[in-house]
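Colleague: Just passing along the structure, written as structure tokens.
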Amino acid sequence: MIATDQFAFVHLPRSGGTFVSEVIKKFFPSAREIGYHLPRELLPAKYSHLPVLGTVRNPWEFYVSWYQHQYFNKNYSPKTNVLFSVLSEDRSLNFIGTLQNALDLGVNDNKLNALIQALPEDFDYQKRNIPNVTKSLMEKIRSSGLGLYTFRFNQLFAPVDDVFFCRVESLRDDLMTFFERLGVASDALRSYVLGLEKQNVSHAMHGSSYYTPELAKHVLMRDYQIVERFGYVFEGKFVNDGGRDRDDPRLHFRPN
């Protein structure tokens with residue numbers, strides 16, 4: 001989380017936050033990082049009156065980015081990457097197996113119990129490259145039926161109704177809209193935001209290539225809150241396109 005004199009930014013992982021953080025630190029002298037992935041509920045009282053900025057991503061694309069980032073992380077270790085280590089069985093599972101675990105944490109007590117056992121009781125939000133979820137936090141997903149991304153979204157932003165969200169898919173334009181509304185958009189800021197090369201980008205296959213029809217539907221079921229709120233749809237092709245649900249407008253399947 002970064003707080004300035006004009007607004008506060010809550011950083012949701014793998015959702016464009018690296019770019020937004022860089023812009024804020026460069027153009028707002030009052031910017032102060034007060035906690036890495038700090039949830040809104042822990043925003044210090046002196047900033048509580050400020051507008052809140054956040055980012056959000058298509059859930060189908062989020063899970064691919066999250067998996068790639070963790071699986072190919074050169075600094076990966078089961079101790080510091082506890083969440084991914086448990087869900088991927090220490091990177092022995094492929095994308096499908098790992099994602100099924102991430103989507104079913106709210107209904108799979110065995111997997112959730114194993115994760116909670118491995119997580120720390122607490123952690124320091126000032127530090128990076130540490131587990132940024134705790135036993136008590138993950139306990140809240142039990143019996144929720146929520147996917148990991150929606151759970152983390154709610155946990156970081158609640159209450160969400162007054163947050164200004166930039167979509168990763170239109171991040172630069174949305175960010176400038178936010179700055180324009182606050183009256184803090186300079187020509188230099190505008191040029192930087194609209195012209196800077198993308199940061200923290202994965203250079204792997206397009207996300208849709210990872211999904212089977214069944215897995216795409218599974219994301220829709222578990223992350224329906226974000227899908228419905230932001231009008232996200234899945235568009236992709238599959239190695240096996242059998243069993244397609246052509247009646248759901250949120251799932252656009254294409255044959256190979």
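The values are calculated or read from the model by the stated rules, or taken from the named source; none is laboratory data. From a predicted model like this one, the values you see are computed outputs, not experimental measurements. Cβ coordinates were reconstructed from backbone atoms using ideal geometry, including for glycine residues, and neighbour counts include every protein chain displayed.
Colleague: Please enumerate the residues belonging to segment 1-23 that are hydroxyl-bearing (S, T, Y) and assigned to a loop (DSSP other than H, G, I, E, B). Working first, answer last.
Modeller: The initial filter retains those residues of segment 1-23 that are hydroxyl-bearing (S, T, Y), namely 4, 15, 18, 21.
If the condition is that a residue be hydroxyl-bearing (S, T, Y) and assigned to a loop (DSSP other than H, G, I, E, B), then T4, S15 are the ones that fit.
Colleague: Which of the residues belonging to segment 165-198 are buried (at least 18 other Cβ atoms within 10 Å of the Cβ), within 22 Å of S30 (Cα to Cα) and among the β-branched types (V, I, T)?
Modeller: V193
Colleague: Considering only segment 144-164, I want to know if a residue exists there that is surrounded by 20 or more Cβ atoms within 10 Å (Cβ to Cβ), in a loop (DSSP other than H, G, I, E, B) and in contact (Cβ under 8 Å) with a residue 60 or more places away in the chain.
Modeller: yes
Colleague: Those residues that are touching a strand residue (DSSP E or B) at 6+ places or on another chain (Cβ under 7 Å), without any contact (Cβ under 8 Å) to a residue 24 or more places away in the chain and not in a helix (DSSP H, G or I), I need them from segment 24-39; list them, please.
Modeller: Those that are touching a strand residue (DSSP E or B) at 6+ places or on another chain (Cβ under 7 Å), without any contact (Cβ under 8 Å) to a residue 24 or more places away in the chain and not in a helix (DSSP H, G or I): none in segment 24-39.
Colleague: Aromatic (F, W, Y), surrounded by 18 or more Cβ atoms within 10 Å (Cβ to Cβ) and either modelled with pLDDT of 95 or more or not in a helix (DSSP H, G or I) (or both): is that true of Y76 in this structure?
Modeller: Taking the combined requirement at face value, the residue does not satisfy it.
Colleague: Got a number for residues in segment 205-256 being surrounded by fewer than 15 Cβ atoms within 10 Å (Cβ to Cβ), modelled with pLDDT under 55 and either among the hydrophobic types (A, V, I, L, M, F, W, C) or touching a Ser or Thr at 6+ places or on another chain (Cβ under 7 Å) (or both)?
Modeller: Qualifying residue count, segment 205-256: 3.
Colleague: Considering each of S170, S191, S202 in turn, give the residue that is under 27 Å from F19 (Cα atoms), polar (S, T, N, Q), modelled with pLDDT under 75 and not in a strand (DSSP E or B).
Modeller: Details: S170 fails: modelled with pLDDT under 75; S191 fails: modelled with pLDDT under 75.
Every option except S202 fails the conditions.
Colleague: Of all residues being more than 12 Å from the chain's Cα centre (by Cα) and not in a helix (DSSP H, G or I) in segment 40-59, which is nearest to Q155 (Cα to Cα)? Just the residue, please.
Modeller: Residues of segment 40-59 that are more than 12 Å from the chain's Cα centre (by Cα), as a first pass: 40-53.
So of that shortlist, the ones also not in a helix (DSSP H, G or I) come out as 43-44, 48-53.
Values: L43: 13, P44: 17, S48: 17, H49: 20, L50: 19, P51: 18, V52: 15, L53: 15 Å.
Only one residue fits best here, namely L43.
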